[in-house]
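The values are calculated or read from the model by the stated rules, or taken from the named source; none is laboratory data. Being a predicted model, the structure only gives us computed values, none of them experimental. Note: ideal-geometry Cβ built from the backbone for every residue, glycine included; neighbour counts use all protein chains shown. Just the protein is used for accessible areas: all its heavy atoms, side chains included, with ligands, DNA and RNA removed. Shrake-Rupley method; radii C 1.70, N 1.55, O 1.52, S 1.80 Å.
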Amino acid sequence: MHFIGHFKTITRHKILVAKGCFKLGLYYQGIMHDMSKYSPTEFLAGAKYYQGTASPNNAERMDKGISTAWLHHKGRNRHHFEYWIDFSRTSQGIAGAKMPVNYLVEMVMDRIAACKVYRGKDYTDASAWEYYQRERPYLNSAMHTETRAELEKILIMLKQRGEKTTFSYLRKLLKKGNY
């Protein structure tokens, strides 16, 4: 069990997300971001599967075939698109609902912070896009098309034009209230 290493990692991540959210006026979301990671369900699994260079959820998934920590986490944190999956009114089965803009923005802050924590000195403004590219094939049926399009636009902007321009765009998006 790596209690201290895991605590430091999730706390550093939380602080980075809070800083990003604060810059964009999302004070409450910045403070409350990922509080569930300190709950026994998530924290104990995180400490057990801690690596320091990647999310422990994948290691738990490899060991048990499922990540109970992730299932707990995504059901309590609206900045994950998986929170917004429900039965569709227009088609059979489940589908992603469009995320409210403030949670989409928090999701971007989450992705940037995760990349900064896990990539360390190797982080670049392209890191979040590169990570997204690896998971992209699995998202097509789960993420709402408008949410996916806006997320991709933002991550490409971050990659090509940097944080300053991206944060300016996110402020405008939040002010507009929709995408």
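Rounded to the nearest 500, what is the 222 nm mean residue ellipticity of the chain from helices alone, with -39500 (n - 2.57) per DSSP H run of 4+ residues and division by all residues?
Values: 8 runs with 112 residues, N = 179.
Mean residue ellipticity, 222 nm, calculated: -20000 deg cm²/dmol.
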Bin width 5 Å, alpha-carbon pairs only: give the P(r) of region 1-46 as whole percents, running from 0 to the bin holding the largest distance. 5, 24, 28, 19, 13, 8, 3, 0
One point scatterer per Cα, no solvent, Debye formula: log10 I(q)/I(0) for region 11-96 at q = 0.16, 0.21, 0.23 Å⁻¹ comes out as -0.75, -1.04, -1.12
The simple spin-label model distance between Met62 and Ser168, using points 7 Å out along Cα→Cβ, in nm, is 4.2 nm
Quick check: residue separation of Glu152 and Ala54 times 0.36 nm, minus the Cα distance between them. What number comes out in nm? 33.1 nm
Using 1/(1 + (r/R0)^6) with R0 = 30 angstrom and r between the beta carbons of Asp86 and Lys121, what's the FRET efficiency to the nearest 0.05? 0.15
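Measure off, as a whole percent, the carbon and sulfur share of the 1.4 Å-probe accessible area of the chain, all protein chains present.
On the way: 5610 of 10060 Å².
Reported share for carbon and sulfur atoms: 56 percent.
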Accessible area (Å², per residue) of region 1-118, counting only protein heavy atoms and a probe of 1.4 Å: 53 Å²
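Contact order normalised by length for region 22-77, with contacts defined as Cα pairs under 8 Å and 6 or more residues apart; what percent is it?
Working: 40 pairs, mean separation 19.9, N = 56.
The normalised contact order for region 22-77 reaches 36 percent.
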Using a 1.4 Å probe and ignoring any ligands, DNA or RNA, find the accessible area of His72 and quote it in Å² to the nearest 10. 40 Å²
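Over region 95-179, calculate the relative contact order: mean separation of alpha carbon pairs under 8 Å at least 6 apart, over the residue count, as a percent. Don't jump to the answer; show the numbers that get you there.
Working: 66 pairs, mean separation 38.5, N = 85.
Computed over region 95-179, the figure is 45 percent.
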Quick one, can you get me the convex hull of the C-alpha atoms of region 1-145 expressed as volume per residue in Å³? 122 Å³
Could you size up the charge dipole of the chain around its Cα centre, putting +1 on the beta carbon of Lys and Arg and -1 on that of Asp and Glu, and report it in debye to the nearest 20? 520 debye
Assuming R0 = 30 Å, can you tell me the calculated FRET efficiency for the pair Gln160 and Tyr28, based on Cβ-Cβ distance, to the nearest 0.05? 0.45
Interatomic Cα distance distribution for region 90-179, bins of 5 angstrom, percent: 3, 13, 23, 25, 18, 10, 4, 2, 0, 0
Calculated on alpha-carbon atoms, Rg and Dmax of region 132-179 in Å: 11.8, 32
At 0.36 nm per residue, and after removing the present C-alpha to C-alpha distance, how many nm does the segment from Leu71 to Ser39 gain when stretched out fully? 10.2 nm
Ranking Tyr38, Gly25, Gly75 by how far each Cα lies towards the positive end of the charge dipole of the chain (+1 on Lys and Arg Cβ, -1 on Asp and Glu Cβ), the top one is Gly25
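Explain nothing, just the number: relative contact order of region 1-137, from Cα pairs under 8 Å at least 6 residues apart, as a whole percent. Mind dumping the intermediate values first?
On the way: 145 pairs, mean separation 31.3, N = 137.
The value is 23 percent.
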